[in-house]
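Before any comments, here is the structure.
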């Protein structure tokens, strides 16, 4: 099914211009992309959602056509969630279902915690709360080493770092999964990619804070993703207490590998 295009444009958030696109009409669903890949990572999910919802995908600061402060070397989950909150308010999209992938999943979780008036539910795809696993520090170190090695081998280019990142998290066939056009965009997201890597690799929520979140939440991790990703998703769902856990037939890039499953999760969380 193909969704009907409604429009695109920019909104102001924290003094920056953020680019977005939206399709369909109905309940607002805000889609927050992860590291390296911009808002186009949601194209298949938006198509699977159809016209029954108002799907809004935006480029986080320094990605795609969105602006970034100068200099821009690091970000935080709270900074990103404030951007998302400003976007929801500017577009009159509250209360929204928020679906995020990777770092975007942490943004979605932070949004439902700190802005319950703007959000109705959340779907968290491969949330990187690696502190929930004993293997977290080693995983982060190996990822950073791979990125640094990729940048060196590509003559210190950000494109080489992006390729190394995607190969590490998504596997050797990442270029086929992402597609040529989206990969070109990812390779050009130097400032956004670098700032994401500078974000703290942990999410400092206590059990009490997590259990205090009243919004319905679904946590998803691909059954073919790295074991630590599934471990973390299960642990987070357990900590939340009321969350639904889903493990679709996919690897790490759930929006690209299992868009129908993501659309079903969004529909399911709205029915709760």
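The values are calculated or read from the model by the stated rules, or taken from the named source; none is laboratory data. Predicted model, so just to flag it, every value in this text is computed and none were measured. Note that each Cβ is placed from the backbone with ideal geometry, even for glycine, and that neighbours are counted across all protein chains shown.
Remarks
- Counting only residues that are more than 12 Å from the chain's Cα centre (by Cα) and either under 20 Å from residue 262 (Cα atoms) or in contact (Cβ under 8 Å) with a residue 40 or more places away in the chain (or both), segment 111-124 holds 7 of them.
- When segment 21-40 is filtered for residues that are in contact with a strand residue (DSSP E or B) (Cβ under 6 Å, 6 or more places away or on another chain) and either more than 22 Å from residue 69 (Cα to Cα) or surrounded by fewer than 23 Cβ atoms within 10 Å (Cβ to Cβ) (or both), the ones remaining, listed by number, are 21, 22, 23, 24, 25, 26, 27, 28, 29, 30, 31.
- Selection within segment 169-180 - surrounded by fewer than 16 Cβ atoms within 10 Å (Cβ to Cβ) and in a helix (DSSP H, G or I): 175, 176, 180
- The listed residue being crowded, with 19+ Cβ neighbours inside 10 Å, free of Cβ contacts under 8 Å to residues at least 60 places away in the same chain and under 17 Å from the mean Cα position of the chain (by Cα), out of 166, 183: 183
- Set 94, 105: member being surrounded by 22 or more Cβ atoms within 10 Å (Cβ to Cβ) and either modelled with pLDDT under 95 or touching a strand residue (DSSP E or B) at 6+ places or on another chain (Cβ under 9 Å) (or both): 105
- Each residue in segment 41-73 was checked for being in contact (Cβ under 8 Å) with a residue 60 or more places away in the chain, buried (at least 22 other Cβ atoms within 10 Å of the Cβ) and in a helix (DSSP H, G or I), and 4 pass.
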